[in-house]
1. Residues that are touching a Gly at 6+ places or on another chain (Cβ under 8 Å) and at pLDDT 95 or above, at least 2 per element: which strands (runs of 3 or more DSSP E) completely within the chain meet that?
2. Give me the pairs, please: first residue somewhere in the stretch 21-44 and hydrophobic (A, V, I, L, M, F, W, C), second residue anywhere and in a loop (DSSP other than H, G, I, E, B), beta-carbon distance under 8 Å, and either six or more positions apart or on two chains.
3. Take the residues in the stretch 19-46 that are charged (D, E, K, R) and open to solvent by less than 100 Å² (accessible area, probe 1.4 Å), then tell me which one is farthest from ILE8 (Cα to Cα).
4. With the requirement that a residue be open to solvent by less than 80 Å² (accessible area, probe 1.4 Å) and of a type in the set (Val, Ile, Thr), what does the stretch 5-18 give you?
5. Say we look at the stretch 4-20 and pick out the residues that are without any contact (Cβ under 8 Å) to a residue 40 or more places away in the chain and among the charged types (D, E, K, R); which of these is nearest to ILE91 (Cα to Cα)?
6. Anything in the stretch 45-70 that is within 14 Å of the chain's Cα centre (by Cα) and either without any contact (Cβ under 8 Å) to a residue 24 or more places away in the chain or closer than 19 Å to ASP92 by Cβ (or both)? List them, or say none.
Amino acid sequence: MKRNPRDIIVRPIITEKTIQMQDQDNKVTFEVKKGANKVEVRQAIEEIFNVKVEKVNILNSKPKAKRMGQHEGMTRSVRKAIVKLAEGSNIDIL
């Protein structure tokens with residue numbers, strides 16, 4: 001059963017590093033669902049934004065321990081997809 005592309009892509013990740021990657025290498029970073037693979041991410045990006053995807057890299061960011069005074073906790077784990085777009089394709093996130 002095919003999943004809805006908007007269920008696979010959670011949100012774009014906008015940081016100084018990702019903006020620089022977008023300007024220099026035509027790469028865009030998204031947070032994706034935990035079970036999504038490279039093929040599903042590629043199909044979802046191409047369908048939602050009508051662009052040609054050249055390459056997809058996926059990484060899992062593990063949770064880290066954080067303290068706020070005497071309270072301890074963990075940050076949440078995130079699955080990121082770094083998508084390299086084909087020459088001439090562009091996604092305007094901002």
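The values are calculated or read from the model by the stated rules, or taken from the named source; none is laboratory data. What you are looking at is a predicted structure, and each value in this text was computed from that prediction instead of being measured. Methodologically, a virtual Cβ is constructed for each residue, glycine included, from the backbone with ideal geometry; neighbour enumeration extends over all protein chains shown. In case anyone asks, the SASA skips ligands and DNA or RNA and just uses the protein heavy atoms, side chains included. Shrake-Rupley method; radii C 1.70, N 1.55, O 1.52, S 1.80 Å.
1. Where strands (runs of 3 or more DSSP E) fall fully within the chain and carry at least 2 residues being touching a Gly at 6+ places or on another chain (Cβ under 8 Å) and at pLDDT 95 or above, they are 65-68.
2. Close Cβ pairs satisfying both conditions: VAL28/ILE91; VAL28/ILE93; PHE30/ILE13; ALA44/ALA36.
3. Checking each candidate, the answer is ASP25.
4. Matches in the stretch 5-18: ILE8, ILE9, VAL10, ILE13, THR15, THR18.
5. ARG11
6. Within the stretch 45-70, ILE45, GLU46, ILE48, PHE49, VAL53, LEU59, ASN60, SER61 qualify.
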